[in-house]
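The values are calculated or read from the model by the stated rules, or taken from the named source; none is laboratory data. No experiment lies behind these values; they were computed from the predicted model shown. FYI the Cβ positions are ideal-geometry reconstructions off the backbone, even for glycines, and counts take in every protein chain you see. Ligands, DNA and RNA are excluded from the accessible area calculation, which covers all protein heavy atoms including side chains. Shrake-Rupley method; radii C 1.70, N 1.55, O 1.52, S 1.80 Å.
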Amino acid sequence: MTKSYASLHEIKSEIAIGKTTVEKLVKGYLAKIASNTHLNAFNEVFGDEALANAKQVDARIKQGTAGRLAGMVIAIKDNICYKGHKVNASSKILEGFTSVYSSTVVERLLAEDAVIIGRCNCDEFAMGASNENSYFGPVKNHADQTKVAGGSSGGSAVAVQAGMCHAALGTDTGGSVRQPASFCGLVGLKPTYGRISRHGIIAYASSFDQVGPITRSVEDAALLLEIMAGTDAYDSTLANVEVPSFSNNIKKPGLKKIAYLQEALSSPGVNAEVKDTLVKYIDKLRAEGHTVKPIAFELLEYLVPTYYILAMAEASSNLSRYDGVHYGYRSPNAVDLLSTYKKSRSEGFGKEVKRRIMLGTFVLSAGYYDAYFAKAQKVRRLIREKTEEILKEYDFILIPTAPEPAFNLGKKEKDPVVTYLSDIFTVQASLTGAPAISLPTGNNSKGLPLGLQLLTKHFGEQELLNFAKYFLEL
Ligand code: GLN
């Protein structure tokens with residue numbers, strides 16, 4: 001049985017001394033996948049193919065020609081295209097659709113000899129925070145099967161948590177890499193907006209979407225980031241900035257200035273054990289000599305509404321391409337063009353996706369555009385300016401990743417606003433485009449993982465990773 005290695009570095013050392021092979025690793029992960037189907041983490045497992053690819057990587061290791069990710073067995077979220085493989089975004093509307101090309105991130109991982117073991121369950125079109133909005137059913141948390149996995153990249157997080165692969169890719173629009181990582185005791189990194197290509201990623205809200213790794217260590221997150229990052233002729237939103245060798249440059253940081261959000265400790269909406277963890281780390285950092293100060297963020301109450309107005313508006317536009325003609329599902333009950341659109345979309349999309357398309361269309365409609373969409377754009381700029389002001393004075397902002405640990409399956413489904421509010425701590429980085437990382441900070445009294453989040457300046461990933469590694473060793 002494959003053990004759970006802390007980092008790729010450990011795996012590589014065991015391969016080097018002949019203790020394991022990539023093929024053996026894949027066999028072990030496949031056995032774990034088979035014995036954990038009840039967690040519902042995978043929408044599809046590429047078993048035979050992963051084994052065949054593993055053998056080829058083993059051969060290249062022997063020849064000394066293997067890439068930097070040889071030994072890394074990875075799962076991808078079901079909204080990341082991989083040529084010749086199905087992709088559903090956990091939606092019925094993409095039923096039967098096969099990717100005609102690979103996303104840039106998949107190509108870059110494969111070029112370095114990663115083995116892709118399957119595609120993971122997620123909230124439909126990445127819309128959700130609990131992985132309960134999936135056409136394939138909810139994902140269960142491996143720490144407690146009555147609890148959610150987090151979302152929207154819940155399957156990716158549980159796949160790593162339960163040892164069904166070594167690392168996974170998710171996408172983060174408003175927290176979807178960081179929050180499930182924190183619910184599953186893992187590292188989740190959302191890079192700066194413009195760092196990683198979205199070519200071949202199924203779009204949710206294009207001014208927010210970023211791909212990010214979910215890993216067991218900061219080093220693996222750094223390595224995956226450096227391999228996936230950098231300009232791409234297929235994505236003009238990428239920034240033309242240097243991509244350092246993040247993983248090789250990780251070093252101990254000097255003394256830093258850290259701001260934490262006062263409201264995270266005073267708000268009754270934040271779980272007591274989450275507060276305790278934050279206090280514990282504030283004390284540890286102070287004891288090490290860092291400057292740690294509370295700040296008030298007066299725009300806090302606008303974060304969630306601004307995010308949801310903009311994300312829904314963008315989603316309503318992005319999802320107009322699913323019309324029953326071009327892709328996937330077409331209603332068998334359609335009789336003409338209009339009913340093809342109407343019935344295919346009514347039957348193909350789930351409830352939450354339909355809610356967002358309708359709200360998004362509403363905020364973009366002529367009569368309400370200025371009151372909602374244009375206003376939210378202005379508030380977004382204020383949020384960004386205020387955040388940048390804080391980051392001029394401080395190196396990092398430290399906040400919880402989520403207000404509470406993994407909650408009960410079914411708990412929030414009935415009231416979408418309650419679910420939306422649980423994104424309060426993750427959407428600041430999304431609205432501003434800043435990089436942020438969720439770090440595992442131990443379990444609560446019931447054995448559920450807790451996580452804290454660090455946020456920093458645009459393209460400050462190296463400093464963020466340096467500090468993250470140090471933080472986990474405190
Ligand atoms: N929970 C947020 C939403 O539903 C974030 C999802 C995401 O990051 N994809 O929009």
> Once Lys and Arg get +1 and Asp and Glu get -1 on their Cβ, which of Leu225, Asn271, Leu310 lies farthest toward the positive end of the dipole of region 204-326?
Replying inline: Asn271
> Once the Cβ-Cβ distance between Asp336 and Lys83 is put in as r, and R0 is 35 Å, what FRET efficiency do you end up with, to the nearest 0.05?
Replying inline: 0.55
> Taking the Cα centre of each part, how many Å lie between region 125-157 and region 369-398?
Replying inline: 29 Å
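Defining a contact as two alpha carbons under 8 Å apart and six or more residues distant in sequence, what relative contact order in percent does the chain show?
17 percent
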> What dipole magnitude, in Debye to the nearest 20, does region 341-474 give about its Cα centre under +1 on Lys/Arg Cβ and -1 on Asp/Glu Cβ?
Replying inline: 880 debye
> Of all GluC sites (Glu not before Pro) in region 359-468, which ones are in loop regions per DSSP and have a Cβ with at most 12 other Cβ atoms within 10 Å?
Replying inline: none
> In whole Å, how far is the Cα centre of region 201-224 from that of region 1-50?
Replying inline: 21 Å
> Counting only the heavy atoms of the protein chains, how much of Glu314 is accessible to a 1.4 Å probe, in Å² to the nearest 10?
Replying inline: 40 Å²
> What translational diffusion coefficient, in µm²/s and rounded to a whole number, does the Stokes-Einstein relation yield for the chain at 25 °C and a viscosity of 0.890 mPa s, taking the hydrodynamic radius as the Kirkwood radius over Cα pairs?
Replying inline: 110 µm²/s
> What trypsin sites (Lys or Arg not before Pro) in region 224-258 are in a loop by DSSP, with at most 11 other Cβ atoms within 10 Å of the Cβ?
Replying inline: Lys251
>> From the protein chains alone at 1.4 Å, what is the descending order of accessible area for Thr306, Thr361, Thr291, largest first?
In response: Thr361, Thr291, Thr306
> Once you put a point 7 Å from the Cα of Thr237 and another 7 Å from the Cα of Ser317, both along the Cβ direction, what distance in nm separates them?
Replying inline: 1.0 nm
> Based on DSSP H runs of at least 4 residues, each adding -39500 (n - 2.57), what is the mean residue ellipticity at 222 nm of the chain after dividing by all its residues, to the nearest 500 deg cm²/dmol?
Replying inline: -11500 deg cm²/dmol
>> If the reach is capped at under 13 angstrom between alpha carbons, list the aspartates and glutamates near Lys411, excluding any in the same chain fewer than eight residues apart.
In response: Glu132
> Which of Lys275/Lys469; Lys257/Lys412; Lys12/Lys446 have a Cα-Cα distance over 28 Å?
Replying inline: Lys257/Lys412; Lys12/Lys446
>> Take the chain, mark every one of the chymotrypsin sites (Phe, Trp or Tyr not before Pro) that falls in a DSSP loop and has at most 16 other Cβ within 10 Å, then report the longest stretch left between them, sites excluded.
In response: 102-233
> Tell me which lysines have Cα within less than 27 Å of Lys83's Cα, excluding those fewer than 8 residues away on the same chain?
Replying inline: Lys24, Lys27, Lys32, Lys55, Lys92, Lys190
>> Give the residue list of trypsin sites (Lys or Arg not before Pro) in region 394-474 that are DSSP loop and have at most 15 other beta-carbon atoms within 10 angstrom.
In response: Lys411, Lys414, Lys446
>> Per residue, how much accessible surface does the chain expose to a 1.4 Å probe? Answer in Å², no decimals.
In response: 38 Å²
